[in-house]
Each structure stands twice: as structure tokens, then as C-alpha cells.
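The values are calculated or read from the model by the stated rules, or taken from the named source; none is laboratory data. Here the structure is a predicted model, which means the values were calculated and not measured. Here the Cβ positions follow ideal geometry from the backbone for every residue, glycine too, while neighbour counts run over all protein chains shown.
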Amino acid sequence: MSLPAVAKKDFQDTVRSKAMLLLVALFSGLVSVMAYAVRPAGDGDAFATELLLSVFVGPLLVSTLVPLVAVVIGYNAVSGERESGSLKLLLSLPHSRADVVFGKVLGRAAALSLAVFAGFLLPAVVLAVIPVSFNVGSFLGYTVFAAILGCVFVSIAVGCSAAASTQRRALIGGIGIYFLFVLFWSTLTGQLIGAFDGVIDALPATDVQIRTFLEVANPTTGVQVLTNAFLGEQLFAGETVNQQVSAAAMLVFWALAPPLVGLLKFDRDDL
């Protein structure tokens, strides 16, 4: 029961933080204003929900704000307690270092998921009361995918925190990964493909297949692929099913690999 105990405490501490309350208020307010501003003039489920989420809320808010908040709440998970000295006290209890790392991943991911659901609550009320046709299923499903994106970036941030000896290094690593995935991924992968064009031609895969894989290797793009398929009622079906499976597999990879790598480094460190 050691890992659940760490997760429970971390969840409670994160939920009570002022930063989390500020996130919920900011996110909820922005989505609500956007939902009201782009409300359709007439009937139409597609415009009221699917178009709002996939065109406005997703690219402008979810893909940029949720990963950033995940990095902020995750970067000091281990490194912060390491610098303050409280990590030694935590490890003096019957907790292994794996319990600490994965307990903090679970606790902070659960806290961020709760914040995302709370942040989407007010916009749902706004859409329900204004005169539009509101698709509750699409809205709720999209909220789940937004929470998944947050959980993946929490895992990445906690992995950086476990591997880093100071909060400063953990923050630099987390912010660097945020910039890589959110801002520079398309540019860097495009240059990579161009630089190794001759090597790619010799591989048993087409240029299109490699480009598609590199796109969905980015967790933000992977979630966008899955949400667009979900909103289009083609989740794990249709022409993009292979792309969706690859995106889901990469999300699982990013949720597990960074904490495991961070734990390997953390296990070797002398506290």
C-alpha cells in the first residue's frame, strides 16, 4: 500500500494548491468565453460542439495550456523534496524510490485530471443554457482526451524531476520538452527528414509513413488525431485507424518511459 499512500498525499497537496485553483478558474473562464463567442446563429451539433472543440478550444487552449500546467505541477515533484530535505524523511518510511516516483505521477496526474474536468464544467453549463444544440457526449469525451494529454505531460515532467538533482535542472528539462513538443516539433522533424533523405529512401517504409510516425510521436499531435477521430465518430475505425493506433501506442510510451528513465537515474543517486 506504499505507492497508493504516496499518490494520495501528492494528490491532496496538489489539489489544495493555489496554482491549481488558479488554473481551473483561468481555463474555465477562457473556454466559457470562447464557447459563448463562437456560438452558432442557428441549430447544429457540429458547430456547437465538434467544431468548437477541434478548431478553437483544442489548438488554442488544450494543446498549449494543459501541457504547460502539467510541466509546472510536475517538475518539482521529486527534485523539490530533494532540495528541501523532505525526500530523506519520505524514504525513511516504508516507501521505495519506485513508490515515490510513480506515486507522484499518479497523484499529480489525478489532480490535473480533476482540474481539467472542473475547468470544462462551466463551459458545459454555458453551452447548455445558450440557445444551441449541445452534444454532451462529444464534450465529455473531448474532456477525457484533454485529461489524458495532461497526464502524459505530468509523467514526462515527473520523470525529469526524478532524474534531475535540482529543481532548476528539472524545470529546464520540463520546459525544454514543452517547447520541443508544442512549438518546434514540426520544424525539427521536417529538417530531420530533409537531412536524412537518402537514408530514409533505403528504409523499408515510405516517406509518408515516416512523416506520419514522427507526427504522432508528438503527444499533442497524437491526442489531436484521436480527438478528431472521436469527434468524427471514427475512433479506431475508418481510413486513419493505423495512425490512431500508432498515436495511442506513443501516448502509452510517453506515459511510462520518462518516469522509468528518471527512476533509473534516481536509484543511482546518493541522497
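Only a single item in (1) buried (at least 17 other Cβ atoms within 10 Å of the Cβ); (2) at pLDDT 90 or above; (3) over 29 Å from L23 (Cα atoms); (4) not basic (K, R) is not met by V245, and it is number (1). Considering every residue within segment 199-211, establish whether at least one is part of a helix (DSSP H, G or I), modelled with pLDDT of 80 or more, surrounded by fewer than 18 Cβ atoms within 10 Å (Cβ to Cβ) and not basic (K, R). No, segment 199-211 contains no residue that is part of a helix (DSSP H, G or I), modelled with pLDDT of 80 or more, surrounded by fewer than 18 Cβ atoms within 10 Å (Cβ to Cβ) and not basic (K, R). In this structure, is A146 under 25 Å from D269 (Cα atoms), part of a helix (DSSP H, G or I) and under 19 Å from the mean Cα position of the chain (by Cα)? Against the criterion (under 25 Å from D269 (Cα atoms), part of a helix (DSSP H, G or I) and under 19 Å from the mean Cα position of the chain (by Cα)), A146 does not qualify.
Evaluate the following for S155: is it among the polar types (S, T, N, Q), within 27 Å of L235 (Cβ to Cβ) and buried (at least 21 other Cβ atoms within 10 Å of the Cβ)?
Yes.
Give the number of residues within segment 165-183 that are part of a helix (DSSP H, G or I), under 10 Å from N76 (Cα atoms) and β-branched (V, I, T). Selection size over segment 165-183: 0.
Of the residues L214, L251, L231, L226, the single one that is free of Cβ contacts under 8 Å to residues at least 60 places away in the same chain and farther than 25 Å from L87 by Cα is L214. Checked against (1) of a type in the set (A, V, I, L, M); (2) closer than 20 Å to F145 by Cα; (3) at pLDDT 75 or above, L91 passes all but a single condition, namely (2).
Okay, residues lined up against (1) among the basic types (K, R); (2) under 16 Å from F266 (Cβ atoms):
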position: V72; (1), (2): no, no
position: N76; (1), (2): no, yes
position: G80; (1), (2): no, yes
position: S86; (1), (2): no, yes
position: A98; (1), (2): no, yes
position: V101; (1), (2): no, yes
position: K104; (1), (2): yes, yes
position: A109; (1), (2): no, no
position: S113; (1), (2): no, no
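Regarding E233, is this residue of a type in the set (D, E, K, R), closer than 28 Å to S28 by Cα and modelled with pLDDT of 80 or more? Taking the combined requirement at face value, the residue satisfies it. Being modelled with pLDDT of 90 or more, assigned to a helix (DSSP H, G or I) and farther than 22 Å from F102 by Cβ is a description that applies to T221.
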